[in-house]
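The structure appears below as structure tokens.
Bear in mind these aren't lab numbers, they're just calculated from the coordinates by the rules spelled out. What you see is a predicted model, and the numbers here were worked out from it, not measured in a lab. Note that each Cβ is placed from the backbone with ideal geometry, even for glycine, and that neighbours are counted across all protein chains shown.
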Amino acid sequence: MQNKNTNHIVSIHNQIYNYLNNVRHKMNKPQFHHLTNILNGLINLSGTKSL
């Protein structure tokens, strides 16, 4: 079951979801939101990506 911080990620795998749940408790809310935004872009945008 997705939480409100990860429900905007359209295509989320169980392994990624489990990882996010593990690191969620070690980050503050803005840091976690930033991480989910980056993952969302990496998952849903096609083409070459660079961070």
In nanometres, the difference between 0.36 nm per residue of separation and the alpha-carbon distance of ILE38 and ASN18 is 5.6 nm
Protection-proxy order for peptides 21-31, 36-46, each taking the mean of Cβ atoms within 10 Å per residue, highest first: 36-46, 21-31
